[in-house]
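This is the structure I have questions about; it appears just below.
The values are calculated or read from the model by the stated rules, or taken from the named source; none is laboratory data. Keep in mind that this is a model prediction, so the values were computed, not measured. FYI the Cβ positions are ideal-geometry reconstructions off the backbone, even for glycines, and counts take in every protein chain you see. The area values use the complete protein model at the heavy-atom level, side chains included, leaving out ligands, DNA and RNA. Shrake-Rupley method; radii C 1.70, N 1.55, O 1.52, S 1.80 Å.
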Amino acid sequence: MIINERDSRHEHVLNVARQMMTAARTAPKGKGVDLIEIGLVAGEEKLRLLFRTMIDMVEEYGLKFFLRDADNILQAECVVLVGTREQAQGLNCGHCGFLTCTSRPEGVPCALNSMDVGIAVGSACATAADLRVDTRIMFSAGLAAQRLN
């Protein structure tokens, strides 16, 4: 039997992406509360939709790195999305910039939620690295995905 890497790469990358999602899910969470949301974008049509949304956002935000990131999306086999639902953890830690959770204005994320995303993304990328699959962390792709719901 002969297997050409080009014929098996997509399936392999999707399997690695699934392992990345598991790593993100099982990463430690503040207070043990899991608010992480994880998704996978695959298939040419879906990736092109994400690409077009990022291109539309270039002018809106005036951030040229969206162009570079959008080009990377077109070269990707898939995109793993990691985000969080916002929920104050009731620690009154002040890491969000406010003395108490109740004094934190709406729209200001709980710092623990943000840290949880960072830890989950790090765990997912470490998994990909262990399996020798290259990754990029893109705020821009996440923002575009949010826009697409």
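Determine which member of the set Arg52, Arg68, Arg18, Arg48 is within 14 Å of the chain's Cα centre (by Cα) and either modelled with pLDDT of 95 or more or not small (Gly, Ala, Ser) (or both).
When all the criteria are applied, what remains is Arg18.
Would you say Ala76 is more than 13 Å from Phe139 (Cα to Cα) and in contact (Cβ under 8 Å) with a residue 12 or more places away in the chain?
Working: more than 13 Å from Phe139 (Cα to Cα): yes; in contact (Cβ under 8 Å) with a residue 12 or more places away in the chain: yes.
Against the criterion (more than 13 Å from Phe139 (Cα to Cα) and in contact (Cβ under 8 Å) with a residue 12 or more places away in the chain), Ala76 qualifies.
While we're looking at this one, here's another question. Just wondering, is there one or more residues in region 132-141 that are under 30 Å from Ser8 (Cα atoms), part of a loop (DSSP other than H, G, I, E, B) and in contact with a Cys (Cβ under 6 Å, 6 or more places away or on another chain)? If you could, list the steps in order and put the result at the bottom.
Of the residues in region 132-141, the ones under 30 Å from Ser8 (Cα atoms) are 132-141.
Checking the rest, the ones that are also part of a loop (DSSP other than H, G, I, E, B) come to 132-138.
Right, trim to in contact with a Cys (Cβ under 6 Å, 6 or more places away or on another chain) and you get 135.
Yes, because at least one residue in region 132-141 is under 30 Å from Ser8 (Cα atoms), part of a loop (DSSP other than H, G, I, E, B) and in contact with a Cys (Cβ under 6 Å, 6 or more places away or on another chain).
Would you please list the contacts, defined by Cβ atoms under 6 Å and residues six or more apart or on different chains, that run from a residue in region 117-138 that is under 12 Å from Ala23 (Cβ atoms) to a residue that is assigned to a loop (DSSP other than H, G, I, E, B) and open to solvent by less than 40 Å² (accessible area, probe 1.4 Å)?
These pairs meet every condition: Ile119/Ala27; Ala120/Ala27; Ser123/Ala27.
While we're here: Can you tell me which residues in region 104-116 are open to solvent by 60 Å² or more (accessible area, probe 1.4 Å) and without any contact (Cβ under 8 Å) to a residue 12 or more places away in the chain?
Scanning region 104-116 gives Glu106, Gly107.
Now for a separate question. Being more than 23 Å from Leu131 (Cα to Cα) and among the acidic types (Asp, Glu) narrows it down to one of Glu11, Glu5, Glu59, Glu77, so name that one. Even if it seems obvious, please write down each step before you answer.
Values: Glu11 fails: more than 23 Å from Leu131 (Cα to Cα); Glu5 fails: more than 23 Å from Leu131 (Cα to Cα); Glu77 fails: more than 23 Å from Leu131 (Cα to Cα).
So the residue among Glu11, Glu5, Glu59, Glu77 that is more than 23 Å from Leu131 (Cα to Cα) and among the acidic types (Asp, Glu) is Glu59.
Which helices (runs of 4 or more DSSP H) sit wholly inside region 1-99 and have at least 1 residues that are open to solvent by 70 Å² or more (accessible area, probe 1.4 Å) and under 17 Å from Asn113 (Cβ atoms)? Walk me through it before giving the result.
Numbers: elements: 5-26, 44-61, 65-75.
Qualifying helices (runs of 4 or more DSSP H): 5-26.
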